[in-house]
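J.: Below you will find the structure I want to go over with you.
The values are calculated or read from the model by the stated rules, or taken from the named source; none is laboratory data. For clarity, every value in this text was computed on a predicted model and none was experimentally measured. Note that we place each Cβ from the backbone using ideal geometry, even for glycine, and neighbour counts take in every protein chain shown.
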Amino acid sequence: MEDILFRFNPWWDSDFEFAGIPREAYLSQLLKQQKTKEVVLITGLRRVGKTTLLHQIIHRLLKKIEKNKVFYVSLDNLALKNHTILEIVDIYRRICSLKHNEHVFLFLDEVHFQNNYELQLKNLYDMGHCKIYASGSASLDIIMKSPYLTGRQRITRLAPLSFNEYLKFTNSEVTIADKHLYPSLAYEYVNIGGMPEYVNTKDPNVLQSLLDSVLYRDIAGRYNIRDRENLKDVLILIAQSVSSPISIRKISRVLGIKESTVSKILTLFVESNLLYYVEKEGKVSERKASPKKIYLADTGLFTALTDKVNFGAKVENRVYLTLDGTVNVRYHRFNGQEVDFVFNKKAYESKYKNNITSEDISAIKTLRGYRSKTVVSENVERKMEGINIVPLWKFLLNNKI
């Protein structure tokens, strides 16, 4: 095993330079947690860049920490299959001649491939003398339901590239003089999405491979789903229904799949960070009983799923993802009208067009009790009957809502 661990940790015996574009918003947040005791759990969709982010953190730490006190391992490596996390960490300390009371940084990638990983992380936490950063493609939010790490963890969900990050990744950062380029770049961003590898290659096989891995390896393989075609059928229907509330009963009726099976599939999609629910605004009973809106984790995924979705629906999906850092984003339906998103007395409506009319803003205009109301347009910026009309590109740039 020693040679494998040395390959995972090239900085132990040579210089280590990280080649990549730093995701500074996440880096600054995660580096601030290096002196806390809690286990840092990084979750997110497959290929969203979790491994790259771990290496970015390592690269920063190596500037001020002894090289042998930083340890990285990817736990999906087949050669490590018969070793527990605790055994691997013990072997690491032995290789590097480190005492058990010497403080080290442990970076445990794809941690969910280990059985009882939450209990093992608790054991490492309780023994002390280490700071743990762990990541996994399957949702680590499940850990929050486990008693083992209650009060011992902080969870960060790594999202696909934001518009600002997309511009950096594609070398498309715009000067003030050239800001007329923003609308076309925003259009491009919504279509391509923010999965780093696809942004770099534009190869549709990247997205197809991603979906196959999530559907057939992470979900069907781990949860013993027999009829695998049900997984893709449900996901395609969701993609085609984005922007419209849809119920489990409707999905069941359209696809001829049992409601209990649809419910299980949707739960697994959410836990795999493949899609997100948005509930209807209202009392708890009303929220739970009403159909939910469902959005894909990245707008680029439409490319691999369906061509039967209009661009306006993709934009609404993108607007949701931009707001998703905000707690309790919901949609509002009242008096036969609907507003796309509400939270904290703020309301947002997605209308990807330039000829915004009074009819387009009628729902959000009549909404009572909200201190700010914003309509996201194609490229129009003005005030209209008390409503802020904002171009999509500007909304995406100023995404700290």
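J.: Go through segment 290-310 residue by residue and tally those that are basic (Lys, Arg) and in contact with a Pro (Cβ under 7 Å, 6 or more places away or on another chain).
T.: Summing the residues that are basic (Lys, Arg) and in contact with a Pro (Cβ under 7 Å, 6 or more places away or on another chain) in segment 290-310 gives 2.
J.: Can you say whether residue 387 is over 20 Å from residue 280 (Cβ atoms), of a type in the set (A, V, I, L, M) and either in contact with a helix residue (DSSP H, G or I) (Cβ under 8 Å, 6 or more places away or on another chain) or at pLDDT 95 or above (or both), as far as the supplied structure shows?
T.: When the stated conditions are applied, residue 387 passes them.
J.: Identify, please: which residue in segment 168-183 is polar (S, T, N, Q) and surrounded by 12 or more Cβ atoms within 10 Å (Cβ to Cβ) and is, among those, nearest to residue 53 (Cα to Cα)?
T.: Ranking the qualifying residues of segment 168-183, first place goes to 170.
J.: For residues that are in contact (Cβ under 8 Å) with a residue 12 or more places away in the chain and surrounded by fewer than 17 Cβ atoms within 10 Å (Cβ to Cβ), tally how many sit in segment 304-323.
T.: Adding up the residues that qualify gives 4.
J.: Let me ask another. Restricting to segment 148-167, and then to whatever is among the polar types (S, T, N, Q) and buried (at least 19 other Cβ atoms within 10 Å of the Cβ), can you tell me which residue is farthest from residue 137 (Cα to Cα)?
T.: This residue is 162.
J.: Further question on the same structure: Of all residues in segment 68-82, how many are at pLDDT below 95 and either part of a helix (DSSP H, G or I) or not assigned by TED's automatic domain parsing to the domain that holds residue 133 (or both)?
T.: So the count comes out to 3.
J.: Taking helices (runs of 4 or more DSSP H) that do not extend beyond segment 1-65, which have at least 3 residues that are in contact (Cβ under 8 Å) with a residue 12 or more places away in the chain, surrounded by 17 or more Cβ atoms within 10 Å (Cβ to Cβ) and not acidic (Asp, Glu)?
T.: Because the criterion is at least 3 residues that are in contact (Cβ under 8 Å) with a residue 12 or more places away in the chain, surrounded by 17 or more Cβ atoms within 10 Å (Cβ to Cβ) and not acidic (Asp, Glu), the helices (runs of 4 or more DSSP H) in segment 1-65 that meet it are 50-61.
Listed here are the residues, each with its yes/no results for (1) part of a loop (DSSP other than H, G, I, E, B); (2) in contact (Cβ under 8 Å) with a residue 12 or more places away in the chain; (3) farther than 26 Å from residue 6 by Cα.
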| residue | (1), (2), (3) |
| --- | --- |
| 92 | no, yes, no |
| 108 | no, yes, no |
| 125 | no, yes, no |
| 131 | no, yes, no |
| 154 | no, yes, yes |
| 159 | yes, yes, yes |
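J.: Among the listed residues 87, 110, identify the single one that is among the acidic types (Asp, Glu) and surrounded by fewer than 17 Cβ atoms within 10 Å (Cβ to Cβ).
T.: That would be 87, the only listed residue that is among the acidic types (Asp, Glu) and surrounded by fewer than 17 Cβ atoms within 10 Å (Cβ to Cβ).
J.: Among residues belonging to segment 371-401 that are under 22 Å from residue 242 (Cα atoms) and assigned to a loop (DSSP other than H, G, I, E, B), point out the one that is farthest from the chain's Cα centre (by Cα).
T.: Ranking the qualifying residues of segment 371-401, first place goes to 378.
J.: Among the listed residues 321, 367, which satisfies the condition of being within 24 Å of the chain's Cα centre (by Cα) and not basic (Lys, Arg)?
T.: Testing whether each residue is within 24 Å of the chain's Cα centre (by Cα) and not basic (Lys, Arg) leaves just 321.
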